[in-house]
Amino acid sequence: MSTTTIAAAPVGAADMPGARRRRWASALPYLQALPLWLVLGVFLLIPIATIVAVSFWDDQEYALVPTFILDNYRDALGSHVTWSTYVSTLRYAAIVWAATLGIGFTVAYFLSFHVRSTLWQMVLFQLCAIPFLTSNVIRMISWIPFLGRNGLLNRSLMAVGITDHPLEFLLFSPFAVVLAFVHLYTLFMVVPIFNTMMRIDRALVEAARDAGAGPVAVLRHVIVPLSLPGIAIGTIFVVTLVMGDFVTVQMMSGGQSASVGLMMKNQISLLQYPSAAAQAVVLLITVLLMVWAILRVVDIRKEL
């Protein structure tokens, strides 16, 4: 009688392929996110870490000295010029935000609720985006011959008798800076609000009207609350762009207004890199706190 010996398989050997597949399946999301993390690390995290490191360095006779000092932050936070510059920049941000919100909400509301055809909605929306086909600098320069002392607007006002002398405040003034900011950044408010309004269920609007609510009540109690995520996203865009802008302030104010971005640009032109880096870190923290405050008020996750 022959005896056949069968080697016992190791315990769990039959489950090895399944376990390996489960491990690969659990690691797959991380592998898919790896390229994004590499891009963020190389182009965002490393530059920010470099700026933070340089902000603690010292500069002596146009040479950077790798060390650890707090003088740059003391100079930045202890200077009256810095605080007044931040107040000026925040004032610009608040005025531009209010103007772009009013224009952006009105345009988005008109496109969403008064233009019935989807084709016309897209056509009119593209008309709003046409200025973005040119650079910001060209759009700013185009205001100079229009607002100048002998520009088109002043000549027209004097021709019709509204004024007998050119209006000096139109160009190279805070008014010109705000006007250019609104022109440049209104679309950043229109797009998210329009996207949010298009998602509003029209049945809610009809239900409010059937319940006796007038147009103002519908706008106040239905449309505005449901549009808050888009308003918050547009606010983040506009405020962060205005806080970091320096070209607009320099060109449209004629050097008569200051901003944090312009202050950093001047420090860089003087090769004061550690001081500029400290100002950049303070500005970054300020903007992040503003964004955090906005996110605490409005939950925008459903729009992302």
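The values are calculated or read from the model by the stated rules, or taken from the named source; none is laboratory data. Bear in mind that the values here come from a model prediction, so they are computed numbers and not experimental data. We place every Cβ from the backbone using ideal geometry, glycine too, and count neighbours over all the protein chains shown.
Data table
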item: Failed criterion for residue 56 (all others in (1) hydrophobic (A, V, I, L, M, F, W, C); (2) modelled with pLDDT under 90; (3) more than 30 Å from residue 201 (Cα to Cα); (4) crowded, with 17+ Cβ neighbours inside 10 Å hold); result: (2)
item: Contacts under 8 angstrom Cβ, first residue in the stretch 261-274 being closer than 18 Å to residue 57 by Cβ, partner among the hydrophobic types (A, V, I, L, M, F, W, C) and modelled with pLDDT under 90, 6 or more apart; result: 264/246; 273/64; 274/64
item: Test result for residue 95, within 29 Å of residue 234 (Cβ to Cβ) and surrounded by 13 or more Cβ atoms within 10 Å (Cβ to Cβ); result: yes
item: Unique residue being farther than 21 Å from residue 259 by Cβ and either more than 24 Å from the chain's Cα centre (by Cα) or not in a helix (DSSP H, G or I) (or both) when the list is 68, 110; result: 68
item: Candidates 193, 200, filtered to the one that is under 28 Å from residue 301 (Cβ atoms), in contact with a Phe, Trp or Tyr (Cβ under 8 Å, 6 or more places away or on another chain) and of a type outside the set (Phe, Trp, Tyr); result: 193
item: Matching option when the condition is within 20 Å of residue 246 (Cα to Cα) and modelled with pLDDT under 90, among 142, 117; result: 142
item: Among (1) β-branched (Val, Ile, Thr); (2) touching a residue at least 60 places away in the same chain (Cβ under 8 Å); (3) closer than 18 Å to residue 282 by Cα - the single one residue 50 does not satisfy; result: (2)
item: Hey, residue 85 under 19 Å from residue 240 (Cβ atoms) and touching a helix residue (DSSP H, G or I) at 6+ places or on another chain (Cβ under 9 Å) or not; result: yes
item: Yes/no for residue 97 being among the hydrophobic types (A, V, I, L, M, F, W, C) and without any contact (Cβ under 8 Å) to a residue 60 or more places away in the chain; result: no
item: Qualifying residue in the stretch 117-128 (condition: in a helix (DSSP H, G or I) and either under 30 Å from residue 57 (Cα atoms) or touching an Asp or Glu at 6+ places or on another chain (Cβ under 7 Å) (or both)); result: no
item: Candidates 169, 175, filtered to the one that is in a helix (DSSP H, G or I), closer than 30 Å to residue 250 by Cβ, of a type outside the set (Val, Ile, Thr) and at pLDDT 90 or above; result: 175
item: Wholly within the stretch 195-304, helices (runs of 4 or more DSSP H) carrying at least 1 residues that are loosely packed, with under 15 Cβ neighbours inside 10 Å and of a type in the set (Gly, Ala, Ser); result: 202-210, 215-218, 260-269, 273-297
item: Yes/no for residue 91 being closer than 24 Å to residue 259 by Cβ and touching a Leu at 6+ places or on another chain (Cβ under 9 Å); result: no
